[in-house]
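The values are calculated or read from the model by the stated rules, or taken from the named source; none is laboratory data. From a predicted model like this one, the values you see are computed outputs, not experimental measurements. Virtual Cβ from ideal backbone geometry, glycine too; neighbours counted across all protein chains shown.
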Amino acid sequence: MKNEKVVKAALLGLGTVGSGVYKLTCRQADEMERKTGAKLEIKKILVHNMQKKREGVDPSLLTDCWDEIIQDEEIQIVIEVMGGIEPARTRILEALNAGKHVITANKDLVAEYGRELLDAAEKHGVDFLFEAAVAGGIPIIRPLKQCLAANEIDEVIGIVNGTTNYILTKMFEEGMDFEEALAKATELGYAEADPTADIEGLDAGRKVAIMASIAFHSRVTFSDVYTEGITKISARDIFYAKEFGNVIKLLGTAHNTEEGIEVAVYPMMIAQEHPLASVRDSFNAVFVHGDAVDDVMFYGRGAGEFPTASAVMGDVIDVIRDIQYHCTGRISCTCYRNTPIKSMDEVRNKFFLRMQVENKPGVLAAIASVFGEHKVSISKVIQKIVAEDTAELAIVTDTVKEYHMKDALEHLKKLDTVWDICSVIREY
Ligand code: NAP
Ligand code: HSE
């Protein structure tokens with residue numbers, strides 16, 4: 001082992017994750033030396049607001065001047081937990097170009113600029129690690145890049161947003177409506193002040209882009225991901241999910257098919273027996289299928305101060321070990337393929353549809369005929385009379401191409417007897 005006894009790092013950001021990292025550094029101080037052969041010293045902490053009170057943090061560590069970090073040759077590791085694209089991107093690039101190792105929890109950045117950042121790291125022979133960027137405390141990047149490296153992975157699906165999983169759990173188990181469950185998620189600190197990225201599936205979209213890139217060895221960016229959120233899920237949909245033995249989960253899904261990569265986020269009906277169905281509250285889980293390993297699932301806390309800090313510190317420990325053994329930059333970009341992204345129209349799914357129709361003879365037959373015309377095969381139907389002249393139809397289809405379903409829905413909307421297509425939810 002090399003005689004490098006103190007490794008110095010800078011923390012960019014001291015919010016939820018940064019505070020957790022700082023506290024864990026203090027908690028692990030003695031263990032760190034035993035684990036890595038070197039002490040870790042946080043030499044500087046970059047913040048935005050120098051006036052803010054920071055309990056338990058030595059004020060002399062704080063700075064709002066990036067130059068104090070980038071120009072300090074003693075600082076070997078930069079831990080970026082500020083969030084956002086800029087200035088995080090520029091600072092990380094500057095750090096990598098200066099030969100510093102970088103660890104980040106920033107999914108927005110990795111999902112969009114992962115290639116640029118990994119290329120810079122490779123060029124300078126330094127580590128660029130981002131275990132916390134996908135599922136907080138759950139190890140998934142390292143398992144995909146290392147433990148499962150001998151597999152041809154064809155499927156990665158996951159519940160990777162805690163806020164929406166909490167909301168859907170409350171709707172399913174306690175009969176809350178969407179707004180009430182969202183208010184509770186906000187009160188508990190799961191949802192952001194502006195929860196758009198969570199409830200519209202954008203946060204999950206960034207995470208699934210990162211996972212797909214690594215699992216399928218081909219770059220997938222956030223703009224490749226089709227996203228739908230959970231704002232339209234109603235108590236009535238939950239009712240039918242139960243009728244059909246399902247739950248509704250916001251799933252990030254990625255499949256490596258012969259025609260290309262399918263990558264999307266949408267709410268899906270999933271059988272109550274599937275392991276992902278039992279992932280409740282704000283917990284996250286990722287389900288992976290590989291040709292050698294078969295099915296594996298990773299479960300835990302996808303966010304929060306200490307769970308996220310746990311993943312960040314795991315990366316820090318790895319970097320220190322690499323420094324000690326002179327093997328930094330060992331595992332960089334693993335995207336050695338250039339697989340096309342499949343058009344969403346070509347993706348195949350099963351669908352659950354709920355519609356309000358006129359209750360009179362021949363209506364069901366006309367609807368079935370439209371489906372038939374557009375190559376949509378019906379698997380199950382439930383009909384409930386909701387008023388004297390109105391019936392509610394809940395239909396589950398067999399697997400169909402998305403564009404066939406789109407065409408069938410357009411056609412159905414034109415029928416006088418179809419009053420409203422209330423829900424269109426995919427089924428796993
Ligand atoms: P946060 O609580 O909002 O904290 C952000 C920190 O960064 C604050 O300390 C802020 O300084 C500092 N900061 C922001 N912009 C800055 C700038 N331009 N210059 C200097 N300092 C700046 O954020 P967070 O929840 O810890 O999240 C940090 C990152 O981790 C994000 O990329 C997020 O996506 C990711 N992440 C978070 C979680 C989670 O559970 N929160 C989980 C996984 C990943 P001030 O304190 O002075 O305002
Ligand atoms: N907002 C995210 C969630 C946490 O609800 O899971 C940070 O990734």
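With respect to the numbered conditions (1) out of contact with any Pro (no Cβ under 7 Å at 6 or more places or on another chain); (2) outside the structural domain of ASN284 (by TED's automatic domain parsing), which one is the sole condition not fulfilled by ASP177?
(2)
Name the residues in region 66-86 that are without any contact (Cβ under 8 Å) to a residue 60 or more places away in the chain and either under 21 Å from ASP315 (Cβ atoms) or touching a strand residue (DSSP E or B) at 6+ places or on another chain (Cβ under 8 Å) (or both), would you?
Within region 66-86, TRP66, GLU68, ILE69, ILE70, GLY84, ILE85 meet the criteria.
Show me the helices (runs of 4 or more DSSP H) found entirely inside region 49-126 where at least 1 residues are within 16 Å of ligand 2 (Cβ to nearest atom), under 19 Å from SER213 (Cα atoms) and modelled with pLDDT of 95 or more.
Qualifying helices (runs of 4 or more DSSP H): 107-124.
Kindly indicate the residue of region 358-381 that is part of a helix (DSSP H, G or I) and either under 36 Å from the mean Cα position of the chain (by Cα) or without any contact (Cβ under 8 Å) to a residue 24 or more places away in the chain (or both) and also surrounded by the most Cβ atoms within 10 Å (Cβ to Cβ) among those meeting that condition.
Looking at residues that are part of a helix (DSSP H, G or I) and either under 36 Å from the mean Cα position of the chain (by Cα) or without any contact (Cβ under 8 Å) to a residue 24 or more places away in the chain (or both), I get PHE371.
If a residue has to be part of a loop (DSSP other than H, G, I, E, B), within 13 Å of ligand 1 (Cβ to nearest atom) and among the hydrophobic types (A, V, I, L, M, F, W, C) to count, how many in region 30-48 make the cut?
1
Pick out the one residue from ASP345, ASP420 that is surrounded by fewer than 17 Cβ atoms within 10 Å (Cβ to Cβ) and part of a helix (DSSP H, G or I).
Going through ASP345, ASP420 in turn, just one is surrounded by fewer than 17 Cβ atoms within 10 Å (Cβ to Cβ) and part of a helix (DSSP H, G or I): ASP345.
Can you find even one residue in region 119-141 that is free of Cβ contacts under 8 Å to residues at least 40 places away in the same chain, crowded, with 16+ Cβ neighbours inside 10 Å and among the charged types (D, E, K, R)?
No, the conditions are met nowhere in region 119-141.
Here are the criteria: (1) buried (at least 19 other Cβ atoms within 10 Å of the Cβ); (2) touching an Asp or Glu at 6+ places or on another chain (Cβ under 7 Å). Tell me which single one VAL220 does not satisfy.
(2)
Specify the residue that is farthest from ligand 1 (Cβ to nearest atom); the eligible residues are those in region 270-297 that are part of a strand (DSSP E or B) and within 18 Å of THR164 (Cβ to Cβ).
The selected residue is ILE270.
How many of the residues in region 181-207 are touching an Asp or Glu at 6+ places or on another chain (Cβ under 7 Å), modelled with pLDDT of 90 or more and within 11 Å of ligand 2 (Cβ to nearest atom)?
3
Hey, GLY99 hits all of (1) loosely packed, with under 15 Cβ neighbours inside 10 Å; (2) within 16 Å of ligand 1 (Cβ to nearest atom); (3) farther than 18 Å from ALA309 by Cα; (4) not hydrophobic (A, V, I, L, M, F, W, C) but one; which does it fall short on?
With respect to (1) loosely packed, with under 15 Cβ neighbours inside 10 Å; (2) within 16 Å of ligand 1 (Cβ to nearest atom); (3) farther than 18 Å from ALA309 by Cα; (4) not hydrophobic (A, V, I, L, M, F, W, C), GLY99 is out only on (2).
Which count do you get for residues in region 243-262 that are in contact with a Ser or Thr (Cβ under 8 Å, 6 or more places away or on another chain) and over 23 Å from GLY300 (Cβ atoms)?
4
Only one of GLY158, GLY137 is small (Gly, Ala, Ser), part of a loop (DSSP other than H, G, I, E, B) and within 16 Å of ligand 2 (Cβ to nearest atom). Can you tell me which?
GLY137
Is at least one residue of region 242-256 within 16 Å of ligand 1 (Cβ to nearest atom) and either under 17 Å from the mean Cα position of the chain (by Cα) or at pLDDT below 95 (or both)?
Among the residues of region 242-256, at least one is within 16 Å of ligand 1 (Cβ to nearest atom) and either under 17 Å from the mean Cα position of the chain (by Cα) or at pLDDT below 95 (or both), which makes the answer yes.
What's the number of the only condition in (1) over 16 Å from VAL134 (Cβ atoms); (2) touching a helix residue (DSSP H, G or I) at 6+ places or on another chain (Cβ under 6 Å); (3) not small (Gly, Ala, Ser) that THR308 fails to meet?
Among (1) over 16 Å from VAL134 (Cβ atoms); (2) touching a helix residue (DSSP H, G or I) at 6+ places or on another chain (Cβ under 6 Å); (3) not small (Gly, Ala, Ser), THR308 violates only (1).
Are there any pairs with C-beta distances below 6 angstrom linking a residue in region 174-200 that is assigned to a helix (DSSP H, G or I) to a residue that is away from ligand 1 (no atom under 16 Å from the Cβ), with the two at least 6 apart or on different chains, and if so which?
Pairs that qualify, where the first residue is assigned to a helix (DSSP H, G or I) and the partner is away from ligand 1 (no atom under 16 Å from the Cβ), are ALA181/ILE167; ALA181/LYS170; ALA181/MET171; LEU182/ILE167; ALA185/ILE167; ILE199/GLY229; ILE199/ILE230; ILE199/THR231.
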